[in-house]
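Remarks on the structure that follows.
Here, each number is a calculation from the coordinates, and none is a lab measurement. Treat the numbers as computed from the prediction; the structure is a model and nothing was measured. Every residue, glycine among them, receives a Cβ derived from its backbone with ideal geometry; neighbour counts consider all protein chains shown.
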Amino acid sequence: MTISTDSIEEAEERIKGYIKKTEILRGGVLNDLCGCNVHLKLENFQKTGSFKLRGAANRLLSLSTDEKEKGIITPSTGNHGLAVAYIASLLNLKCTVVLPKNAKRSKIDAIKRYNIKCELFGDTYDDAFQRAGELRKVNDLIMINSFEDEGIIAGSGTLAKEVVDELGNVNTILVPVGSGNLLASTIVALKDRNIKVVGVEPEGAASMLASMKNGRPTTISRLDTIADGLVAKHPGIKPFNIIKESLKKEDIVTVSDNEIVSTLLLLLERKKILVEPSGAAGLAALLYHKVPVKEDDNVAVLITGGNIELSDLAYIIEKRASSEGRRAAISLVVKDTPQIVQNIMDILGKYGLILEYVYADRYTRVAPIGSCELRINVIATQRDSIEKSVKELRDQGYKVTISY
């Protein structure tokens, strides 16, 4: 199969009954924040929670009878494996998904719910890929390679096609980048249209940018990002060859984890939309002005997934509260009497602080006989409530230590 607009159109027809046409959300407040007309393509509402279903459906529905009888195996960090597992279960295919041991538990559990064999191996995608290759040879399985498979790439291209078919007039489209699969497919899908395509990577996993600068697929030595779905030590060779023919290195931009997290929380707070960090990367580039746009530009942003671990979401929210001064740890050494402890609680309550944790340590070295170290974690509904309460405590003579 050659990746072309024809193969993308064929994929669109092939997968029609297996995916959903996801909503495009118009900007509202995002238009003001980004300085253009924003259109969010919400693949976080796709079946299995990400755009990966498009490529997986196209590839598995294209399997020959002999390939189906052999069974399939695929390496993944999560979303691709989940998509393959879902389609394999519908087609009654024998399927194995190999993931690194640090893959998100929610994605592992979701894959297993489809009664698919799931093996954990190594610490990175490359480790999982190597293990999948070994199992393929031993068991004579068909490898489904999300980095290089043309069927996967063509299926992914239906996403950009769907966007422009609905919107019509699009000036720029922002695409999160891991292996480069989605970016390459977007370039092919839009090659006859005058639309600027921009790839967005996390700063801590910018292998595509390194490759564009070097003019060849480049392996980076360190991966460090919250966007686990965009973690790739190197881009796929086929996607990179497509990308380098159409884009310049300036068309690949990076965003920090802080920018990704702030964007994720903005979508949750203002739009009531939950996305995973990888899915927020494209909008982060727009919000933090990494991409030049004009006020009347129509900018499409691919929100690629929403499979976030609940523990990660809780951590993100708590970190945000701390950075905004709405969550803090207070420590003070006081006389160990009920009256003094009650007085401190009254002051904190006066400013509407929520007590998350309270502990009186009577045995610490910092507290003399008859005293205790009172450790209190608080959450504030108003940004300045903690500062006001600490000031009053200090005005009453308490020596307070505070950390956010």
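Tabulated values for the structure
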{"item": "Placed amide H near residue 327: partners under 5 Å, 5+ positions off or other chain", "result": "322, 380"}
{"item": "Cα long-axis angle, helix 5-14 against the chain (0 to 90 degrees, to the nearest 10)", "result": "80 degrees"}
{"item": "Nearest-20 debye value, segment 52-143 charge dipole, Cβ charges on Lys, Arg, Asp, Glu", "result": "360 debye"}
{"item": "Cut-off under 5 Å, modelled amide H: who pairs with residue 118 long-range", "result": "97"}
{"item": "Whether segment 52-143 is rounded, prolate or oblate, judged on the alpha carbon gyration tensor where a/c under 1.5 counts as rounded", "result": "oblate"}
{"item": "Most positive-pole-ward Cα, 262, 333, 230, against dipole of the chain from beta carbon charges", "result": "333"}
{"item": "Surrounding net charge for residue 45, when Lys and Arg each add one and Asp and Glu each subtract one, Cβ distance under 12 Å", "result": "+2"}
{"item": "Beta bridges by DSSP in the chain, antiparallel share as percent, to the nearest 5", "result": "45 percent"}
{"item": "Furthest towards positive pole of dipole, 390, 91, 305, structure part the chain, Cβ charges", "result": "390"}
{"item": "Positive-end residue, segment 242-356 charge dipole about Cα centroid, Cβ charges, pick of 321, 253, 284", "result": "321"}
{"item": "Summed side-chain charge close to residue 334 - residues other than residue 334 whose Cβ falls under 13 Å, Lys, Arg +1, Asp, Glu -1", "result": "+2"}
{"item": "Candidate values (i) 22.1; (ii) 24.1; (iii) 23.1, label of the one derived for Kirkwood radius over Cα pairs in Å", "result": "(iii)"}
{"item": "About the Cα centre, charge dipole magnitude for the chain (Lys/Arg +1, Asp/Glu -1 at Cβ), debye", "result": "640 debye"}
